[in-house]
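Read the structure below first, then the notes.
The values are calculated or read from the model by the stated rules, or taken from the named source; none is laboratory data. Fair warning: this is a prediction, and the values are worked out from it, not measured in the lab. Here the Cβ positions follow ideal geometry from the backbone for every residue, glycine too, while neighbour counts run over all protein chains shown. All accessible areas refer to the heavy atoms of the entire protein, side chains included, with ligands and DNA or RNA removed. Shrake-Rupley method; radii C 1.70, N 1.55, O 1.52, S 1.80 Å.
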Amino acid sequence: MFCPIRLRRLLRVVPLIVGAGALSAQIPPPADVPEALRAPAGEQLVLHAHAQGAQIYVCAAAPDGKPKWTLKAPDAELRDERGALIGHHFAGPTWTYRDGSEVAGKAVAHVDSPDAKAIPWLLVTAVSHAGRGVLEHITSIQRLHTVGGAAPPAGQCQTAKPDIEVRSPYSADYYFYAR
């Protein structure tokens, strides 16, 4: 006999099972990672996310008194391979996942992007975590395949317009590793 209540309960559980299986499956690391940006030995790739957003720069006086663009923060949506929104990337640098987990990191290595107009590729080490979920055990993050995001030309930063903010559109792939 058909029971709509049981069917509704089953339909609520199936996405959780499928989602957990997708994250626990062995994901191959990207093949084009420069040696300096490889995740440490023993770490396994657990999540890949594509970011689309902006790098936010502020025009301010440098220590020598000359105006200079300084990175304030990234602001990007994170999406899975199907294009579904799974998280957000913002100042810290920090990444949040839809389950409420969060990881913040510190860049430990960088390599210029093959695209001269793009921000560098990075290796980031996790420095703090919050919440329980996918990101709570992340130890390293790679930022690869960057497009755009570079600071505006230096001539556009003028002391006559201090603290002006500019959003430079960018995209990148983030790879999250854990032990």
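Observations on the structure shown:
- Pairs where the first residue, in segment 30-50, is over 13 Å from TYR177 (Cβ atoms) and the second is polar (S, T, N, Q) and assigned to a strand (DSSP E or B), C-beta under 9 Å, 6+ apart: HIS50/SER171
- Any hit, segment 132-140, residues being over 15 Å from the mean Cα position of the chain (by Cα) and assigned to a loop (DSSP other than H, G, I, E, B): yes
- Scanning segment 101-120 for residues that are assigned to a strand (DSSP E or B) and either open to solvent by 20 Å² or more (accessible area, probe 1.4 Å) or in contact with a Phe, Trp or Tyr (Cβ under 6 Å, 6 or more places away or on another chain) (or both) yields GLU102, VAL103, LYS106, ALA107, VAL108, ALA109, HIS110, VAL111.
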